[in-house]
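Asker: Sending over a structure as C-alpha cells; questions will come in a sec.
The values are calculated or read from the model by the stated rules, or taken from the named source; none is laboratory data. This structure is a prediction, so every number in the text was calculated from the model and none was measured. Using ideal geometry, Cβ is built from the backbone for each residue, glycine included, and neighbour counts are taken over all protein chains shown.
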Amino acid sequence: MATVSTRDRDRKDLLADAAIHVVGEDGLRALTHRAVDTRAGLPQGTCSYHYPSRRALLAATLERIAVLDRAEVEHGPDLAAVLAHWLGAARTRTRARLILLLDPEARADLTEVADRLVSGFLDQATEVLGDRRRARLLVALLDGLALDDLVRGDGTPPPPATLSANIKAISEAVGLAAPPQAGPIDTR
C-alpha cells in the first residue's frame, strides 16, 4: 500500500491553495492546471501530475477550503470573529467556496464531495444546536451574511461587533435563541 510522502502532501496543499486563489480572484473559467502551476510557482505539469482531471482539481480545492475553514472555526473565539476573518484575510477563499458550490457545472462535478462536506457540517451544527432545522438556519445565516458582504460590501470586512449584532438579530428572528459559539462547529 503506497503512502503519500510529506513532500507530496505539502505540494498538493500548495496546489489546492493556488487553485483557491485562482477561483476566488479570477473565477472558475480561469481554473486550469497551467494557471494553478503558475500561481503556485511550480513547474508546468505539476498540477496535472497530482490532479490529472479538472474534477480531481475541483474536489481537492473544495476539500482544502473545508480543512482551512474547519481549523479556523475550531480555534475561533466566536462566529462573528470567524466570519470577520472569512470576509477579511480569507475573503478570496470564501468567494471561491461560494463559487464552487453555486456554479452548476462545478457542482455537478463536486456533488459527492460537496454533499459530504455540507452534510458533515450540518451534522456537527445539529449536535451543537439540538435540531437539524436550526442547524440549517445557522448555515443559511452565515452563508447569507458572507454572500451579502461579497456582493454589496466594499471589500472591507465588517467589524466583528457589527457581525455579532447581525448574527444575534437574525438568530433571534428565526428562533435560534442565543447565537452559538464557534468552538465545535465544522464549517464545510
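Asker: List the number of the failed condition for D37; all other conditions in (1) touching a Gly at 6+ places or on another chain (Cβ under 8 Å); (2) under 26 Å from G144 (Cβ atoms) hold.
Answerer: (2)
Asker: Would you be able to tell me the number of residues in segment 55-92 that are farther than 16 Å from L14 by Cα, among the aliphatic types (A, V, I, L, M) and over 14 Å from the mean Cα position of the chain (by Cα)?
Answerer: Total satisfying the criteria: 3.
Asker: Does A81 fit the bill of being within 19 Å of R70 (Cα to Cα), among the hydrophobic types (A, V, I, L, M, F, W, C), assigned to a helix (DSSP H, G or I) and without any contact (Cβ under 8 Å) to a residue 12 or more places away in the chain?
Answerer: No.
Asker: Any idea how many residues of segment 48-95 are β-branched (V, I, T), out of contact with any Phe, Trp or Tyr (no Cβ under 7 Å at 6 or more places or on another chain) and farther than 13 Å from D17 by Cβ?
Answerer: 2
Asker: Provide a single number: the residues in segment 105-150 that are of a type in the set (S, T, Y) and touching a helix residue (DSSP H, G or I) at 6+ places or on another chain (Cβ under 7 Å).
Answerer: The number of residues fulfilling the criteria is 1.
Asker: Any residue that is surrounded by fewer than 13 Cβ atoms within 10 Å (Cβ to Cβ), of a type in the set (A, V, I, L, M, F, W, C), modelled with pLDDT of 90 or more and under 21 Å from L163 (Cα atoms) - is there at least one of those in segment 68-86?
Answerer: No - not one qualifying residue is present in segment 68-86.
Asker: Suppose we filter A56, A66, A19, A81 for residues that are more than 30 Å from I170 (Cα to Cα) and touching a Ser or Thr at 6+ places or on another chain (Cβ under 9 Å); which single one remains?
Answerer: A19
Asker: Follow-up. State all residues of segment 121-135 that are buried (at least 16 other Cβ atoms within 10 Å of the Cβ) and among the basic types (K, R); if no residue qualifies, say none.
Answerer: Within segment 121-135, R134 is the sole residue that qualifies.
Asker: Kindly list, by first and then second residue, each pair from a residue in segment 109-131 that is touching a residue at least 24 places away in the same chain (Cβ under 8 Å) and part of a helix (DSSP H, G or I) to a residue that is of a type in the set (D, E) and buried (at least 18 other Cβ atoms within 10 Å of the Cβ), limited to pairs with Cβ atoms under 6 Å and residues at least 6 apart or on different chains.
Answerer: F121/D186; Q124/D186
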